[in-house]
1. Does the stretch 180-190 contain at least one residue that is touching a residue at least 60 places away in the same chain (Cβ under 8 Å) and under 26 Å from residue 129 (Cα atoms)?
2. For the stretch 164-179, how many residues are more than 22 Å from residue 208 (Cβ to Cβ) and either in contact (Cβ under 8 Å) with a residue 24 or more places away in the chain or surrounded by 13 or more Cβ atoms within 10 Å (Cβ to Cβ) (or both)?
3. With the condition kept exactly as written, say whether any residue in the stretch 36-59 is in contact with a strand residue (DSSP E or B) (Cβ under 6 Å, 6 or more places away or on another chain), crowded, with 21+ Cβ neighbours inside 10 Å and either under 16 Å from residue 272 (Cα atoms) or not polar (S, T, N, Q) (or both).
4. Do we have any residue at all in the stretch 101-119 that's polar (S, T, N, Q), assigned to a loop (DSSP other than H, G, I, E, B) and crowded, with 20+ Cβ neighbours inside 10 Å?
5. Which condition number in (1) more than 22 Å from the chain's Cα centre (by Cα); (2) of a type in the set (Gly, Ala, Ser); (3) assigned to a helix (DSSP H, G or I) is the one that residue 21 fails?
6. Just for the stretch 250-274: of the residues that are modelled with pLDDT of 85 or more and out of contact with any helix residue (DSSP H, G or I) (no Cβ under 9 Å at 6 or more places or on another chain), which one is surrounded by the most Cβ atoms within 10 Å (Cβ to Cβ)?
7. If a residue counts only when it is on the phi < 0 side of the Ramachandran plot and touching a Lys or Arg at 6+ places or on another chain (Cβ under 7 Å), which helices (runs of 4 or more DSSP H) contained entirely in the stretch 176-283 have at least 2 such residues?
8. I want to confirm something. Restricting to the stretch 65-99 and keeping residues that are outside any loop (DSSP other than H, G, I, E, B), hydrophobic (A, V, I, L, M, F, W, C) and crowded, with 19+ Cβ neighbours inside 10 Å, which single residue is nearest to the chain's Cα centre (by Cα)?
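The values are calculated or read from the model by the stated rules, or taken from the named source; none is laboratory data. What you see is a predicted model; the values in this text were computed from it and never measured. Cβ atoms come from the backbone with ideal geometry, glycine included; neighbour counts cover every protein chain shown.
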Amino acid sequence: MIISLEVKKKLTNNWFIFLQSEICRQFQNLENLASKKKGLKSKKFFKQTWKKENKNEGGGNSFILQNGEVFDKVGVNQSTVSGKFKKEFASKILGTENNNQYWASGTSVVAHMKNPKIPALHFNTRFIVTSKDWFGGGIDATPCLNDSKEKIKFQNKLKEICKNNKKNYQKYKNWCDKYFYLPHHEEQRGIGGLFFDYETKRWENNFKFVRELGITFIDIAKSMVLNKINSKWTKKNKELQLFKRGKYVEFNLLYDRGTKFGLNSGGNVKSILMSLPPKPKWK
């Protein structure tokens, strides 16, 4: 069955809106649970909505929760935008050889945890249209303390979803390892995960994979939080976490494609920089 481009846009946009809502619902439940155990009033997500300067080119919204019992800071973004890429940036994007117009929709999440024993988590999936159309995205974890069992469990979950969708896990893992690398420190940002881009073939299969990856992200996040929600941590653990956050900032400002894409497509600066963690430190 041939699916028209307009139907593809509508289906993906609806999915990304639903996924944002579901992630916020599940994360709010985690925050409520942790706060209730301590007899505290739960912190809530607050919403920020934005439009591009040309309102006909769309916009998006961010749901942010800060200073919670689970999350030091978590942001869940969704946007659907269109327009023209800047000429100097268009040359780096697939399908812009003769036309720099684009349409893009996606959901992104960055979660920085209060407990340093729980990894920071990043997830995003997107559908982009130029003269070509494709899916991209990924999921990765950045712990500040080693936990080999958690790492194996995380990787096995990602292997499973790749196998179920006939995707090459090793290819996506290697891509992730290469992408989330800090050359000036000669180290990975975290323990990796999956990264993929320019998936232009088998649209229905790719859309199914993107949807399942979103649900898998929620499952992984809930598992990591609930496994360690009551774990004790020390001042030294927290210091390590804050230094790790410093490197997280460096990566996102120097190398991250999503940051560059957002800034070069007229996105909202506050939403783009939502990924930056609170209270980073440098030695």
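1. Yes: one or more hits.
2. Kept after step one, since they are more than 22 Å from residue 208 (Cβ to Cβ), are these residues of the stretch 164-179: 174, 177-179.
Next, only the ones that are either in contact (Cβ under 8 Å) with a residue 24 or more places away in the chain or surrounded by 13 or more Cβ atoms within 10 Å (Cβ to Cβ) (or both) stay: 174, 177, 179.
Qualifying residue count, the stretch 164-179: 3.
3. no
4. Of all residues in the stretch 101-119, those polar (S, T, N, Q) come to 101, 105, 107-108, 115.
So of that shortlist, the ones also assigned to a loop (DSSP other than H, G, I, E, B) come out as 115.
With crowded, with 20+ Cβ neighbours inside 10 Å added as a condition, the list becomes 115.
Yes, the stretch 101-119 contains at least one residue that is polar (S, T, N, Q), assigned to a loop (DSSP other than H, G, I, E, B) and crowded, with 20+ Cβ neighbours inside 10 Å.
5. For residue 21, the exception is condition (1).
6. 251
7. Details: elements: 203-228, 235-254, 257-264, 269-272.
Passing ranges, in order: 203-228, 235-254.
8. By that ranking, first place goes to 76.
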